[in-house]
1. Placing one identical point scatterer on every Cα of region 27-149 and ignoring solvent, what is log10 I(q)/I(0) from the Debye formula at q = 0.09 Å⁻¹?
2. Cross-link candidates for K127: which aspartates and glutamates have Cα within less than 18 Å, leaving aside residues fewer than 8 places away along the same chain?
3. Tell me the relative contact order for the chain as a rounded percent, counting alpha carbon contacts under 8 Å between residues six or more apart.
4. Over region 274-354, consider all pairs of different Cα atoms and compute the Kirkwood hydrodynamic radius from their mean reciprocal separation; express it in Å, one decimal.
5. Which residues in region 132-153 place their backbone N less than 15 Å from a point set 7 Å from the Cα of R170 along the Cα-to-Cβ direction?
6. Run the simple label-point estimate for K562 and E199 please: 7 Å along Cα→C-beta, distance reported in nm.
7. Express the Stokes-Einstein translational diffusion coefficient of region 189-289 in µm² s⁻¹, to the nearest whole number, given a Kirkwood radius over alpha-carbon pairs, 10 °C and a viscosity of 1.306 mPa s.
8. Using packing as a proxy for protection, rank 296-306, 176-186, 489-499 so that the peptide with the highest average count of other Cβ atoms within 10 Å comes first.
Amino acid sequence: MSTTTEAQTTGIDRMADPNWWRQASVYQIYPRSFADSNGDGLGDIQGITAKVPYLKTLGIDAVWLSPFYPSALADGGYDVDDYRNVDPKLGTLADFDEMAEALHRAGIKLIADIVPNHSSDRHEWFKEALASPKGSPARDRYIFRDGLGENGELPPSDWDSVFGGPAWERITEPDGTPGQWYMHIFAKEQPDFNWDNQEVRDDFLKTLRFWSDRGVDGFRIDVAHALTKNLEGTLPTKADLEAKALGTDGFVDGSHPYWDRDEVHEIYVEWRKVFNEYTPPRTAVAEAWVHADRRARYASPEGLGQAFNFDLLQADFDASQFRKIITKNLVEAAASGASSTWVFSNHDVVRHATRYGLPATEVAVEGEIMAGQAGKKWLLAGGRKEDVDVELGLRRARAASLLMFALPGSAYLYQGEELGLQEVGSEIPDSERQDPAFFRNKGVDIGRDGCRVPLPWTADGTSFGFGDGGSHLPQPAWFSRYAVQEQDGAEGSTLELYRTALRLRTDLQSGEELEWIPNSNPEVLHFARPNGWQSVTNFGTEPVDLPEGTVVVSSSGLQDGKLPGATTAWLFG
Ligand code: NOJ
């Protein structure tokens, strides 16, 4: 494993440290659902600025901001109209600058989400493409093809979009006749860019510089593995592609027409040069759902530098699965020169406090719909509330999170998990749902709105303190129990557990080594970090003896000096 960073041994300013990201705690903000400063029911940039003191006391190193760009919100902002602006519904560029400054003053870095695979259908370029003739330079920035069939009435291939339904949409030509088809891996409001087009490449370099110049410290790259495509000749059918996928692990040879092609890395080599124009260099993390053997290239120092590993997120609460995943990922990260990433929750999946409370058979629910991407089941949001053992889910989530904070590498947290917040399930009426996955998969998938409901800041009052107005997704009455106000300073609350753990994590981190300590109980995971820091997790149900040392924090109370089931404790010395 790699060694202690210079900054950690010499105590140089963490903000200036080029390695700040290696063991950072990164908090994801989904801006529309974080805090609403103007009472319009949508969270906004000024709302975030007002909560910087909260973020500071939480003890995180960086904020990752999901898209805040002008957008019709066909896919929660991942449908971008203009890459170099702020959505007027969320604020202005001046608000953004003020937020960045406030975060930096608090010692918190800022990571922006970049969405390079597709724009929205309201982007100037797409409008121009629709108004321009077939074969024009404007059409070449996207992926337009003639249809099959006698009159081009059939899509160029039978591929499905990730959100369900076809991956092609037919347009009406400027003269009013039915025309070409454009490709959209996601919703039809998200046309895919043509990354063979130089203007597209240049424009993204401009965007990276634009935000880097405004003080953005790093980037999260949306669907980083989809940009380059091979759509020459007759396109393979869905069945051809499925036959070639290896089990559930997708393609391993880069030959899929649009997922994880080798050429995509040429783009990131160019991006890296831009990141390195800055001091400290801008960082990047790839969202790439690829075969595990192909992840390292995204994380290489010549490329994006880091890649999300969703393995723990997809695992059960199970000691042997955790151990295998942790070991493998640390080895892989060390081999690529990156540090590993860990994540249990984000805006796309069922919150882990709910996942871990679902009956075992229902854990891998809701959605085959990422099949075709890496051939994997994706845990889309929407756990059925009635089936959830809320107390067990929360207890396990706290244990899992405390274990994650003891691991070397970056820990990515999703807003609300520090409150132990549960997924909102069937309480969201169909008429108020927003996720395109729900609309394109009627009756199959309730979508991801359940993890995107605005946060409860106060136990009562309008929208639980989210803002003075309503809330763009309905908050259930039980949100009150999870409010920041209820947990702030309350002994044993999840918020206080996170605060303690994140503070200790910063204090205790000194290198990136992890040593497993054998335990005769297969349900116990015990490891040591440099300087005598140890973490021990009991995945079982019966209390177990604790190793020697002083317990500095535990995810649930000890039982007669023993470590109860579904509990993690950190020991020192
Ligand atoms: C991954 C994002 O996390 C998800 O929310 C979005 O729907 C897709 N990419 C498409 O941009």
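No lab work stands behind these numbers, since they all come straight from the coordinates. Bear in mind the structure is a predicted one, so any value in this text is a computation, not a measurement. Please note: Cβ atoms are built from the backbone with ideal geometry, for glycine as well, and neighbour counts cover all protein chains shown.
1. Normalising to I(0) and taking log10 leaves -0.32.
2. D79, D81, D82, D140, E169, E173, D175, E189, D192, E199, D203
3. 14 percent
4. For region 274-354, the Kirkwood estimate is 13.6 Å.
5. 145-153
6. My value for the distance between the label points is 7.0 nm.
7. Once the numbers are plugged in, D ends up at 104 µm²/s.
8. Values: 296-306: 22.2, 176-186: 19.5, 489-499: 16.3.
Result, highest mean first: 296-306, 176-186, 489-499.
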